[in-house]
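The values are calculated or read from the model by the stated rules, or taken from the named source; none is laboratory data. Being a predicted model, the structure only gives us computed values, none of them experimental. Cβ placement follows ideal geometry from the backbone for every residue including glycine, while neighbour counts extend to all protein chains displayed.
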Amino acid sequence: MSLTRRSLIAAAAVTPLVAGAACAAPQSNAARFSMKFAPHEGSFASRGGRIEQIAFAADQGFTAWEDNEAAGRTVAEQTAMAKALADRGMTMGVFVASMPRWGESRPRFGSGDVAERDAFLADIRASLDVAKRLNATHATVVTGFLDPRVPLDVQTARVIDVMRRAGDIVAGKGLTLVMEPLNTRTDHPGVYMQTFAQGLAVARGADRAGVKVLADCYHEQIQSGNLIPALGMCWDEIGYIQFGDNPGRKEPGSGEINYGNIVKWLKLKRYAGVIGMEHGNSIDGRAGEERLIAAYRAIDKV
């Protein structure tokens, strides 16, 4: 079989064995980022498939990766991704523990539907095996959609009950569930959780170490703005962070958010967790990939 550039890049993602001893992992071609920015499949689409993209990201100095769709992949795919990340010393970020039925605006935990609640909790149990295979410590949770027939306070109480039970499932298992507030004005009309502050209230109500908030700055900017104060007020319950500029949900510098100042604030807070690059590229192809890398270099060195 002839060697192609793609196969050479893929080969660089694994650590070869020589005479029964492990060789040193390949070294990055660029300086490592000081923050754990996490690209995802598609960030570097021109470089090949998932494993090739991980290798390329590592060569650019990225030290983390995230994959929303990981729970739906085969065990072989999950294992291969985990190996590629481990071989390059990269941290696995979030995957979605229980995927909502977006087209149906379900589940609605606030309605008190027992079947939907139980199906969600079954997904949380299954996510423990996924997390173990991926060496993941955080999984995204969407707390469902609003039920217009039920008072909001009642819905909040029911969501808290569901998340408390989910927190009991992951207790002591090394997995933290991070609830993601989503904007209703551009992307997700009708969702229950819409702001960091609402996430704070549910996390405090659930009162479980394994239930925290995913602070996606793109969604919060659209829904509420005031990002740094919002992060500060909810800081004790924030377990994971994601970036994406607005408008457009592309890389930092493509919109209105001053991500340099946000990174500076996170460094002052000594944030050492993953920052998911939860967005697309503003330019297609390799030019867009180069712009993506440059954008994160710029905010990383503030």
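Figures for the structure shown
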| item | result |
| --- | --- |
| Complete set of residues in the stretch 179-202 that are over 18 Å from the mean Cα position of the chain (by Cα) and either in a loop (DSSP other than H, G, I, E, B) or within 14 Å of Gly167 (Cα to Cα) (or both) | Thr184, Arg185, Thr186, Pro189, Gly190, Tyr192, Val202 |
| Qualifying residue in the stretch 226-237 (condition: within 30 Å of Ala131 (Cα to Cα), touching a Leu at 6+ places or on another chain (Cβ under 6 Å) and either touching a residue at least 12 places away in the same chain (Cβ under 8 Å) or of a type outside the set (S, T, N, Q) (or both)) | yes |
| Residues located in the stretch 64-123, provided they are on the phi > 0 side of the Ramachandran plot and either assigned to a helix (DSSP H, G or I) or polar (S, T, N, Q) (or both) | Ser105 |
| Filter result for Val159 (at pLDDT 95 or above and more than 29 Å from Leu227 (Cβ to Cβ)) | no |
| Number of the condition not met by Asp153 [criteria: (1) surrounded by fewer than 14 Cβ atoms within 10 Å (Cβ to Cβ); (2) touching a residue at least 12 places away in the same chain (Cβ under 8 Å)] | (2) |
| Residue that is nearest to Pro229 (Cα to Cα) [pool: residues in the stretch 183-209 that are among the aliphatic types (A, V, I, L, M) and out of contact with any Phe, Trp or Tyr (no Cβ under 7 Å at 6 or more places or on another chain)] | Ala197 |
| Total residues in the stretch 146-178, condition under 27 Å from Ala126 (Cα atoms), of a type in the set (D, E, K, R) and either assigned to a helix (DSSP H, G or I) or touching a Ser or Thr at 6+ places or on another chain (Cβ under 9 Å) (or both) | 6 |
| Any hit, the stretch 225-238, residues being assigned to a loop (DSSP other than H, G, I, E, B) and modelled with pLDDT of 95 or more | yes |
